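Colleague: Sending over a structure as structure tokens; questions will come in a sec.
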Amino acid sequence: MASIRNISILLFLVLGIANAKGNTNQQAKQPIQTFRPYNLAHRGACGEIPEETTHAYLRAIEIGADFIEADILASKDGQLVCFHDVTLDDTTDINNHTEFSDRKRTYEVERVNVTGYFLVDFTLEELKSLKVKQRYSFRDQQYNGKYSIITFEEYITIALNADRTVGIYPEIKNPVHVNEHVKWSNGKTFEDIFVETLLKYGYKGTYLSESWLKQPIFIQCFGPASLIYLSNKTDSPKIFLIDDVSVRTQDTNQSYAEITSDSYLSYISQYVVGIGPWKDTVVPPINNYLTPPTDLVERAHALNLEVHPYTFRNENKYLPFDFHQDPYQEFDYWINQIGVDGLFTDFTGSFYLYQEHTSVPGKTHHPIL
């Protein structure tokens, strides 16, 4: 297993050979596997290294990711960056930067008032001056303060320059909020800039097409209006994210019952190739025990939609008692009983090892560990 020092060397090489046209040697690389459910590295290897950082993505690639996932937001000056929260408070050292002490604001986000240091109020240069930290106190803290926020283009470069074909899985994060606070020239929107960036790096093509297999991508969003808008801008496959049953959509205010109805799934299937549901909406837990699964996966599959649930985490506090504190048992349940087509996980290496131990003989993904 490579050390962080070796990852740092790889990072130097990756950034040294990056260019605006991406990697031109994609055809010579080992292709992405499509014979088993996808290993989707949630914000990189964020179970080990602070999320959405270069090192988290490189680590995820090293330990078996098929796709590296990222949340995309925009800075005050319109630059796209990889960051999950609309505020900087929880995963950066913003509170140590007294020069920004007057930036705290209260904005309405998804119908709730939120107070904090909002990413949309900082330029890219200012964001780059911050350091990222681990979100959860029970995870490894040794990397806090070592890494910076990265741009969408830097994230793309990491995938394109991997030594095998690695897909990207970017999320258009909180598009209503971003479009309200960030303005681009010529009336362009967050979605426009997002697609322009993907096309700049050669991402195009329908799911499993030749172009897609060369540079695999899924575009994800909780906002159905944004996904429909994007369908007129790019033919890259899109995934409709579904939150907890109590949460309404970001940009249409539809209820969970509405967006998971047969009629709506049939409608949205004209624009997306799959759904990404919060796993508790598929198999609701009560007192940390699983209840019978809903029929959401079955109904999605009847419409030929992929199902990529989120988020799978190894820690005991996230594992239902049914799995006896064993993440392998959880993987096995979701793959073989629920029948999903991919998993978003904070622990890419664990899911990779499970896949390797249970795969059809002779169909090894790629050498590792």
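Colleague: Which of the trypsin sites (Lys or Arg not before Pro) across region 76-164 are loop residues per DSSP, with 11 or fewer other Cβ within 10 Å? Could the numbers behind the result be given before it?
Modeller: Details: sites: LYS76, ARG103, LYS104, ARG105, ARG111, LYS128, LYS131, LYS133, ARG135, ARG139, LYS146, ARG164; in loops: LYS76, LYS104, ARG111, LYS131, LYS133, ARG135, ARG139, LYS146, ARG164.
Here the sparse-neighbourhood loop sites are ARG111.
Colleague: Straight distance only, please: which lysines reach the Cα of LYS238 with their own Cα at less than 25 Å, same-chain residues fewer than 8 apart left out?
Modeller: In chain and number order, the partners are LYS21, LYS29, LYS173, LYS183, LYS188, LYS200, LYS204, LYS214, LYS279.
Colleague: Let me check against my output: what whole-number percent is the relative contact order of the chain, with C-alpha pairs under 8 Å and at least 6 apart?
Modeller: On the way: 698 pairs, mean separation 66.6, N = 369.
RCO, the chain: 18 percent.
Colleague: Now for a separate question. log10 I(q)/I(0), Debye, Cα-only region 142-192, no solvent, q = 0.21 Å⁻¹?
Modeller: Each listed q corresponds, in turn, to -0.94.
Colleague: Mind checking the per residue accessible area of region 185-341 for me, 1.4 Å probe, whole number of Å²?
Modeller: That works out to 44 Å² for each residue.
Colleague: Just by accessible area at a 1.4 angstrom probe, what is the order of GLU306, GLU171, GLU48 from largest to smallest?
Modeller: Descending accessible area places them as GLU48, GLU306, GLU171.
Colleague: May I pose another question? Just to verify a number: FRET efficiency for ASN336 and ASP102, C-beta to C-beta distance, R0 = 56 Å, to 0.05?
Modeller: Plugging the Cβ-Cβ distance into 1/(1 + (r/R0)^6) gives 0.55.
Colleague: Right, here's the next one. Straight-line reach from LYS146: which lysines have Cα under 17 Å away, leaving out those fewer than 8 places along the same chain?
Modeller: The reachable lysines, counting only those whose Cα sits under 17 Å from LYS146, are LYS128, LYS131, LYS133.
Colleague: Given the options ALA60, ALA257, ALA162, state which has the largest fluctuation in a GNM of the chain using a 10 Å cut-off (strictly under) for Cα springs.
Modeller: ALA257
Colleague: Additional query: Would you list the P(r) distribution for region 74-166, with all Cα-Cα distances sorted into 10 Å bins from 0 and each bin expressed as a whole %?
Modeller: 15, 42, 33, 9, 1
Colleague: At R0 = 30 Å, how high is the FRET efficiency between ASP295 and ASN253 if r is their beta carbon distance? Nearest 0.05 is fine.
Modeller: Working: r = 25 Å, r/R0 = 0.82.
Once the sixth-power term is evaluated, E becomes 0.75.
Colleague: Hey, rough spin-label estimate for GLU125 and ASN95, points 7 angstrom out along Cα→Cβ, what's it come to in nanometres?
Modeller: It works out to 2.8 nm between the two label points.
Colleague: Ignoring ligands, DNA and RNA, what percent of the 1.4 Å accessible area of the chain is carbon and sulfur? Intermediate results must be reported in sequence, preceding the final value.
Modeller: On the way: 7800 of 15580 Å².
With neighbouring chains kept in place, the figure for the chain is 50 percent.
Colleague: Further question on the same structure: Can you list the residues, at least 5 places off or on another chain, whose amide H is less than 5 Å from the amide H of SER236, using H built in the peptide plane?
Modeller: So SER236 has HN proximity to GLY205.
Colleague: Nearest 20 debye, what's the magnitude of the dipole of region 310-357 about its Cα centre given +1 on Lys and Arg Cβ and -1 on Asp and Glu Cβ?
Modeller: Value, rounded to 20: 120 debye.
Colleague: Let me ask you something else. How far is the Cα center of region 176-206 from the Cα center of region 216-239, in Å?
Modeller: Centre-to-centre (Cα) distance: 11 Å.
Colleague: Can you pull the accessible area of ASP326 for me, 1.4 Å probe, Å² to the nearest 10?
Modeller: ASP326 exposes around 50 Å² with every protein chain in place.
Colleague: Tell me the mean residue ellipticity at 222 nm calculated for the chain from its helices only (DSSP H runs of n ≥ 4, each -39500 (n - 2.57), averaged over every residue, nearest 500).
Modeller: Taking each H run of at least 4 residues, the total per residue is -7500 deg cm²/dmol.
Colleague: In whole percent, what relative contact order does region 89-165 give with Cα contacts below 8 Å and a gap of six or more residues?
Modeller: Answer for region 89-165 is 26 percent.
Colleague: Would you mind working out the magnitude of the charge dipole of the chain relative to its Cα centre, with +1 at each Lys and Arg C-beta and -1 at each Asp and Glu C-beta, to the nearest 20 Debye?
Modeller: 820
The values are calculated or read from the model by the stated rules, or taken from the named source; none is laboratory data. Values in this document were obtained by computation on a predicted structure and should not be read as measured data. Note that we place each Cβ from the backbone using ideal geometry, even for glycine, and neighbour counts take in every protein chain shown. Just so you know, the surface numbers come from the protein's heavy atoms only, side chains and all, with ligands and any DNA or RNA stripped out. Shrake-Rupley method; radii C 1.70, N 1.55, O 1.52, S 1.80 Å.
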